[in-house]
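Undergrad: Input: one structure, supplied below.
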Amino acid sequence: MTIVIENLPPLAWSNGTGAAEQPAPGRLVLTAEAGTDWTNDAFGGEQQHAATSLGFVPTEDFSLSARVRVVGDRSTFDAGVLAIWGDRDHWAKLCFEFSPHGQAMVVSVVTNQWSDDCNSTVVTDDHVFLRVTRSGRGWAFHSSADGRAWDFVRVFRLDWAGQVNVGFMAQAPLGDTCVAEFDAIGYSTSIPADFRNGE
């Protein structure tokens, strides 16, 4: 099935083919299989790269944003994700994730060989807006309750000079599945002037 999102470059899978549906224009639904995730355990545990993202290869500075929901009962660490994939040791993800304490949260992970995890905002709604921005070699993550006022999550750089795939992912590390919905998808080459305040 070919997925086309208006105003986005052509989409392709980053790490093997996943399950995707497009129930309406501008709306994307990804379904993760059990045990799918990306993680390069900082404590030396087994790496996990069973998940795959559906995205595009950027050729310019840009911002990609979407409203993200996870449908149905949630399991620990399941998430709808905006993801950046270079290779197994160079990737990053901005997640609407379910914590071990039973809270939905904004969580970010940056991996340059080892994964650097950071929990951010607790989300009380059934959705959150996520945004990933590239400026030169640098990247920025933001989240928002309404898609208008953006909260700073982090800035970072991947130690990777090759091309990357940037897009959407669902993960279910400990659960049977995770169904992630993405809509209100936006793409812009007008990037924020100040990453710290999100504007």
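Undergrad: What pairs come out if I take residues in the range 1-26 that are more than 18 Å from Ser65 (Cα to Cα) and pair them with residues that are aromatic (Phe, Trp, Tyr) whose C-beta lies under 8 Å away, six or more apart or interchain?
TA: Here the result reads Ser14/Trp85; Asn15/Trp85, each pair linking the range 1-26 to a residue that is aromatic (Phe, Trp, Tyr).
To keep it simple, each residue is scored yes or no on (1) of a type outside the set (Ser, Thr, Tyr); (2) surrounded by 15 or more Cβ atoms within 10 Å (Cβ to Cβ).
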site: Ser120; (1), (2): no, yes
site: Ser135; (1), (2): no, no
site: Trp150; (1), (2): yes, yes
site: Gly162; (1), (2): yes, no
site: Gln171; (1), (2): yes, yes
site: Thr177; (1), (2): no, yes
site: Gly186; (1), (2): yes, yes
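Undergrad: So is Thr133 touching a strand residue (DSSP E or B) at 6+ places or on another chain (Cβ under 8 Å) and part of a strand (DSSP E or B) or not? Reasoning before the result, please.
TA: Values: touching a strand residue (DSSP E or B) at 6+ places or on another chain (Cβ under 8 Å): yes; part of a strand (DSSP E or B): yes.
In short, yes.
Undergrad: A further question follows. Of everything in the range 76-88 that's buried (at least 23 other Cβ atoms within 10 Å of the Cβ) and among the β-branched types (Val, Ile, Thr), which residue is nearest to the chain's Cα centre (by Cα)? Give the derivation first.
TA: Of all residues in the range 76-88, those buried (at least 23 other Cβ atoms within 10 Å of the Cβ) come to 78-85.
Retained after the next criterion (residues that are among the β-branched types (Val, Ile, Thr)): 81, 84.
Details: Val81: 3, Ile84: 7 Å.
Among those residues, the one meeting the criterion is Val81.
Undergrad: Only one residue in Arg67, Arg88 is in contact with a His (Cβ under 8 Å, 6 or more places away or on another chain) and closer than 22 Å to Thr2 by Cα, so which one is that? Break it down into steps so the answer makes sense when it comes.
TA: Working: Arg88 fails: closer than 22 Å to Thr2 by Cα.
Criteria check complete, one pass: Arg67.
Undergrad: Working only within the range 41-60, note down all residues that are over 22 Å from Ala161 (Cβ atoms), part of a strand (DSSP E or B) and under 15 Å from the mean Cα position of the chain (by Cα).
TA: Kept after step one, since they are over 22 Å from Ala161 (Cβ atoms), are these residues of the range 41-60: 41-46, 48, 50-52, 54.
Filter once more, so that each one left must be part of a strand (DSSP E or B): 48, 54.
Within the range 41-60, just Leu54 meets the criteria.
Undergrad: How many residues are part of a loop (DSSP other than H, G, I, E, B), farther than 23 Å from Ser188 by Cβ and not hydrophobic (A, V, I, L, M, F, W, C) if we restrict to the range 4-40?
TA: Looking only at the range 4-40, we keep the residues that are part of a loop (DSSP other than H, G, I, E, B), and these are 4-11, 14-18, 25-26, 34-35, 37, 40.
Applying the additional criterion that residues be farther than 23 Å from Ser188 by Cβ yields 15-18, 34-35, 37, 40.
Retained after the next criterion (residues that are not hydrophobic (A, V, I, L, M, F, W, C)): 15-18, 35, 37, 40.
Of the residues in that region, 7 qualify.
Undergrad: Same structure, new question: Tell me yes or no: at least one residue of the range 89-107 is polar (S, T, N, Q), under 26 Å from Ser188 (Cβ atoms) and either surrounded by 22 or more Cβ atoms within 10 Å (Cβ to Cβ) or over 13 Å from the mean Cα position of the chain (by Cα) (or both). Explain how you work it out, then say what you get.
TA: Here is the first cut: in the range 89-107, the ones polar (S, T, N, Q) are 99, 103.
Those still in the list that are under 26 Å from Ser188 (Cβ atoms) too: none.
For the range 89-107, residues polar (S, T, N, Q), under 26 Å from Ser188 (Cβ atoms) and either surrounded by 22 or more Cβ atoms within 10 Å (Cβ to Cβ) or over 13 Å from the mean Cα position of the chain (by Cα) (or both): absent.
Undergrad: Then there's this: Could you list, in sequence order, the residues of the range 136-191 that are part of a loop (DSSP other than H, G, I, E, B), of a type in the set (S, T, N, Q) and either farther than 18 Å from Lys93 by Cβ or without any contact (Cβ under 8 Å) to a residue 12 or more places away in the chain (or both)?
TA: Of everything in the range 136-191, those that are part of a loop (DSSP other than H, G, I, E, B), of a type in the set (S, T, N, Q) and either farther than 18 Å from Lys93 by Cβ or without any contact (Cβ under 8 Å) to a residue 12 or more places away in the chain (or both) turn out to be Thr189, Ser190.
Read the figures in this text as sums done on the coordinates, not as results from a lab. Computed from a predicted model, the values in this text were never measured in an experiment. Because the Cβ atoms are built from the backbone with ideal geometry, glycine has one as well, and the counts that use them run over all protein chains shown.
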